[in-house]
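Engineer: The following block contains the structure, expressed as structure tokens.
The values are calculated or read from the model by the stated rules, or taken from the named source; none is laboratory data. In this text, all values refer to a predicted model and were calculated from it rather than measured experimentally. Please note: Cβ atoms are built from the backbone with ideal geometry, for glycine as well, and neighbour counts cover all protein chains shown.
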Amino acid sequence: MIREPTVSVLLPVYNDSKFLEDAINSILHQSYENFEIVIVSEPSDDGTRSIIESYDDHRVRGIHNESRIGLNRSLNKGLDACRGQFVARMDADDLAAERRLSKQVQFLSSHPDIGIVGSFCDKINDNGNICGIYRVPKSDTAIRWCALTKNPFAHPAVMMRTSVLDEHDLRYQESKQQFAVEDYDLWIRALQYTKGWNIPEPLVKFRSTNDGVSARHKRRQRRNGDQVAYRAITNELPDFEISEQETHNLRRFLFGSLDPEIDPTAVLKIYFKLYNCFENKYAGGPGIQEAQQIACLSASEASVKSKNVRTFAHAVNNCLKLRKSFPIDFLSYTSALLKYRYGSRIRNQLI
């Protein structure tokens, strides 16, 4: 007798034959055994379907679209087919650590108030060699802070409670405005009903290549992300006054691509006003110190990218006002940035 799976691994594919077998095998070799893999396949011409059908394993379920319906509709089709108590996302060119499912199931089982759990990720190249690490905020409070300006989760490393998705009718939006930000948009809506968390260790290896959606459609992704961020801010902090253009400028400043005609110091002031409003809401709560540190590091990094001494001085001064003492890693990091970019020019502008 085949029991119902605890975890459904949702894997959308389209012309993904190059790495698909490795991705599937990394799930089949998990230390946790009670799962299914729901593979939603778009019509492909590279043998993707043949790879799926080659698996003689009841845990591998292939759903083949008769015509192209797009990623978001495929994801929703997969969600409707998932039978597990939890849904884990996975992409066709990524690899799951052997204990990924085990650790995330254990975490959600022992934290009933958490509805979304992700993790750090190792970044790998086409050859599978690790070339970096992708860190995300750990606590729910820090996740909510980061979500105001960027995606706080790594999509292929996320596991979600099916009950939260179904009870609140949460699915991926299928409009063009959610292209390449479908996950960011889903998290913003889900966090209205549940809490999030990221396990601070790499449980997934994801490929960082020039062929990915983020690389090929960066401009469109950021434009759509601006709309999600604006909704995130107005939902989380309804009394905070900010325009869509100011949200756009804020995100460009943080990403290091602010229009040179825009004063970066003026944008930075909006950033700290936003943070102060956020801290007033969550003051004294768990995770606020992590949110503080992320805010200060993000402001410092963005200020360095702006190549504006006055902006960097403003960032450091505001960080010092926020916290009377900093972890040594922040002080060392800031000192290194100062020395690297500005040398002695910054000294007279600091408090």
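Engineer: Condition (residue is in the same structural domain as Gln106 (by TED's automatic domain parsing), surrounded by fewer than 14 Cβ atoms within 10 Å (Cβ to Cβ) and farther than 22 Å from Lys205 by Cβ) applied to segment 25-44: is it met by at least one residue?
Structural biologist: No; the residues of segment 25-44 include none that is in the same structural domain as Gln106 (by TED's automatic domain parsing), surrounded by fewer than 14 Cβ atoms within 10 Å (Cβ to Cβ) and farther than 22 Å from Lys205 by Cβ.
Engineer: While we're here: Testing Glu244 on (1) crowded, with 18+ Cβ neighbours inside 10 Å; (2) farther than 23 Å from Gln292 by Cβ, one condition comes back false. Which one is that?
Structural biologist: (1)
Engineer: Could you say which residue among Ser110, Ser119 is within 17 Å of the chain's Cα centre (by Cα), assigned by TED's automatic domain parsing to the domain that holds Val60, at pLDDT 95 or above and farther than 18 Å from Glu4 by Cβ?
Structural biologist: Of the residues listed, the single one that is within 17 Å of the chain's Cα centre (by Cα), assigned by TED's automatic domain parsing to the domain that holds Val60, at pLDDT 95 or above and farther than 18 Å from Glu4 by Cβ is Ser119.
Engineer: Filter segment 122-139 down to the residues that are over 21 Å from Leu254 (Cα atoms), of a type outside the set (Gly, Ala, Ser) and either in contact (Cβ under 8 Å) with a residue 12 or more places away in the chain or buried (at least 23 other Cβ atoms within 10 Å of the Cβ) (or both) and list them by number.
Structural biologist: Correct list: Asp122, Lys123, Ile124, Asn125, Asp126, Ile130, Cys131.
Engineer: Can you tell me which residue among Arg189, Arg144 is within 15 Å of the chain's Cα centre (by Cα), without any contact (Cβ under 8 Å) to a residue 24 or more places away in the chain and assigned by TED's automatic domain parsing to the domain that holds Gly84?
Structural biologist: Arg189
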